[in-house]
1. When the residues of the stretch 33-53 are filtered to those that are modelled with pLDDT under 95 and part of a strand (DSSP E or B), which remaining residue is surrounded by the fewest Cβ atoms within 10 Å (Cβ to Cβ)?
2. Identify the single condition in (1) under 15 Å from the mean Cα position of the chain (by Cα); (2) in a helix (DSSP H, G or I) that ASP135 does not satisfy, given that it satisfies every other one.
3. Of all strands (runs of 3 or more DSSP E) completely enclosed by the stretch 211-273, which ones contain at least 1 residues that are at pLDDT 95 or above and within 21 Å of LYS15 (Cα to Cα)?
4. Would you please name the residue that is surrounded by the fewest Cβ atoms within 10 Å (Cβ to Cβ), looking only at residues in the stretch 87-102 that are over 20 Å from the mean Cα position of the chain (by Cα), within 16 Å of ALA16 (Cα to Cα) and among the hydrophobic types (A, V, I, L, M, F, W, C)?
5. Of ILE93, ILE159, which residue is at pLDDT 95 or above and assigned by TED's automatic domain parsing to the domain that holds ASP205?
6. Out of the stretch 178-203, which residues are at pLDDT below 95 and in a helix (DSSP H, G or I)?
7. Which of the residues that make up the stretch 103-159 are surrounded by 12 or more Cβ atoms within 10 Å (Cβ to Cβ) and basic (Lys, Arg)?
Amino acid sequence: MITLVPVGGLANRMKAMDSAIALAGKVQADLRIIWYKDQGLNCRFDELFQPLSVQQVRLKEASFLDLWINDRPRKKNFFVPRLFQNLLFKDCIYEAEVTRRMHQGFDFEKWARNHSVYLASCVYFFPSEEKKPFDVFTPIAPLQEEINRRSTLFNAHTIGIHIRRTDNFISIKESPTELFVEEIKKEIKRCEDANFYLASDSEEDKRILCSAFGNRIRTSDKAADRNSVNGMQDALIEMYTLARTKKILGSAQSSYSETAAQLFGIDCVILKR
C-alpha cells in the first residue's frame, strides 16, 4: 500500500498524483491519496475533477482524524502525526526529501515494492513510461464547458501566456513583464494573425498587456484566488485553456506553465533573463 499526500498548488498536486499512480501501477500496489484543503489549494478534489477511474487507486478528502494521523508532521500539528506514521508505515518520505531523492536518482520502485509506505510530494518524482502525463485527470462538466467556451475563438496561431507573480519571487525576478512584451512583438512579426490567451495571477500584468496589444489578448476577468472554490476552479479552467493553444510562453520556476503544456504535449518556452 502506498499512501500519498499531494502538496502545494494545483499543478504540484497533479504532478505528485500522476507520479504516485504510475508508481503504484509499476509495483502493483494499492494507492490511497489523501486530499487536504489548505492555503495552497482551498478546494475539494471533486470540485475540480471527475473521480479517478484507475484500478487500485482511492482518493479521499481529509477527515478530522487525518489531520492528526496522516497529515505531514509540522509545528502546526505539534508533529503528532509522526508518532502514528512511525507505527503505520514501513517508511515515510516528506516533500523536501522526495525532491532531494528524485534529483539523486533514488529507486522509488524498490522502495515501494511489497511495503506499506507514505510520501508527501509536490513534484513529478516517478514519470510513467506507459501513459501520457495527466491523462487520469478530467475536469468536471461545468468547468469543461467553460474551457470549451474560452477556446472557441482560438485559431492555429493562438499562443498561450502564463505570467506568475504573487509569492513566486523567482518568477517575478527572472521573468519580468518586459520579456513577455518583447516576445509578443516577435510573435506578431512572425505571423500577422497571432493572438494570445493570457493567464496570470497579476491584474496589473493583464492591464499592461491588454493596453499594449488590444484585442490580440484574451484573458479572464476573474482575479486569482487560491482561498476560494471559484478561484481554484478558474485556475483549472485557465490551465486547460492554455493547453489548447499552439504553445505556451511561461514563467521561470512555475510548475503551472509546464503542466499546462504537458497536458496535450505542446511546447513551453520559459521566458527568463
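1. ASP38
2. Unmet condition: (2).
3. Working: elements: 217-219, 247-251, 267-271.
Once the strands (runs of 3 or more DSSP E) in the stretch 211-273 are filtered for at least 1 residues that are at pLDDT 95 or above and within 21 Å of LYS15 (Cα to Cα), what remains is 247-251, 267-271.
4. Our first condition is that a residue be over 20 Å from the mean Cα position of the chain (by Cα); within the stretch 87-102, this holds for 87-93, 101.
Adding the requirement that they be within 16 Å of ALA16 (Cα to Cα) leaves 92-93, 101.
Then keep just the ones that are among the hydrophobic types (A, V, I, L, M, F, W, C); that gives 92-93.
Values: CYS92: 18, ILE93: 20.
Across the stretch 87-102, the extreme among qualifying residues is CYS92.
5. On the way: ILE93 fails: assigned by TED's automatic domain parsing to the domain that holds ASP205.
Selected residue: ILE159, the only one of ILE93, ILE159 that is at pLDDT 95 or above and assigned by TED's automatic domain parsing to the domain that holds ASP205.
6. Across the stretch 178-203, the qualifying residue is only GLU203.
7. ARG113, LYS131, LYS132, ARG150
Yes/no matrix, rows are residues, columns are (1) of a type in the set (A, V, I, L, M, F, W, C); (2) more than 17 Å from TYR240 (Cβ to Cβ):
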site	(1), (2)
PHE125	yes, yes
ASP135	no, no
ILE159	yes, no
ASP167	no, yes
LEU179	yes, yes
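The values are calculated or read from the model by the stated rules, or taken from the named source; none is laboratory data. These numbers were taken from a predicted model, which means no experiment stands behind them. Neighbour counts are summed over all protein chains in view; Cβ atoms, including those assigned to glycine, are modelled from backbone coordinates with ideal geometry.
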